[in-house]
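Inspection log for the structure reproduced underneath, given as structure tokens.
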Amino acid sequence: MIFRRNAAFMLALLPGLAAQPVHAQQRVDHLESCAPSERNADFVRIRNDCDQPVSLIFWRFSLSAPIMRTLQRGEVFQEHFTGDSGWWMSTACPLGYDPDPPFLLENTKVIVESTYRCVSKQISMLH
């Protein structure tokens, strides 16, 4: 009887747990507040002041592909501008996470406005 009561209780909880997709449970905030960017006419610099490694994706208009780096605590990424417009975008997520929505040109507005979140790489690979 006790088993049935416990099993019934657990089954009653399952719909509530299943109501939230697994990928929603794997989202976290980006780390731009502790990995801020500094920009002038010649370069952009991003320093990891977070208490954890940062997965950085950086892209500027003149590059053919984004630059991906892991910045350890206290490490600095710097990219010099050499005659291009200086237009760029970047994301900063915890190690093991990707930006959500994905780092694509079509998502520029969300990325530039820093309204993206970060999703576990295990989940982002499913999309």
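Taken over segment 48-66, residues that are in a loop (DSSP other than H, G, I, E, B) and surrounded by 21 or more Cβ atoms within 10 Å (Cβ to Cβ) amount to 1. Check whether at least one residue in segment 8-27 is modelled with pLDDT under 95 and touching a helix residue (DSSP H, G or I) at 6+ places or on another chain (Cβ under 6 Å), and report yes or no. Yes, because at least one residue in segment 8-27 is modelled with pLDDT under 95 and touching a helix residue (DSSP H, G or I) at 6+ places or on another chain (Cβ under 6 Å). Only one of the listed residues (38, 113, 75) is modelled with pLDDT of 80 or more and surrounded by 15 or more Cβ atoms within 10 Å (Cβ to Cβ). That residue is 75. Against the list (1) among the aromatic types (Phe, Trp, Tyr); (2) modelled with pLDDT under 95; (3) under 16 Å from the mean Cα position of the chain (by Cα), the condition residue 103 fails is (2).
One line per residue, one yes/no per condition, for (1) in contact (Cβ under 8 Å) with a residue 12 or more places away in the chain; (2) of a type in the set (Asp, Glu); (3) in contact with a His (Cβ under 9 Å, 6 or more places away or on another chain):
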residue	(1), (2), (3)
63	no, no, no
66	yes, no, no
79	yes, yes, no
87	yes, no, no
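In the set (1) modelled with pLDDT of 95 or more; (2) more than 17 Å from residue 117 (Cα to Cα); (3) surrounded by 11 or more Cβ atoms within 10 Å (Cβ to Cβ), the condition left unmet by residue 33 is number (2).
Considering 53, 101, the condition of being touching a Ser or Thr at 6+ places or on another chain (Cβ under 6 Å) and of a type outside the set (A, V, I, L, M, F, W, C) is satisfied by 53 alone.
The values are calculated or read from the model by the stated rules, or taken from the named source; none is laboratory data. Treat the numbers as computed from the prediction; the structure is a model and nothing was measured. Note that we place each Cβ from the backbone using ideal geometry, even for glycine, and neighbour counts take in every protein chain shown.
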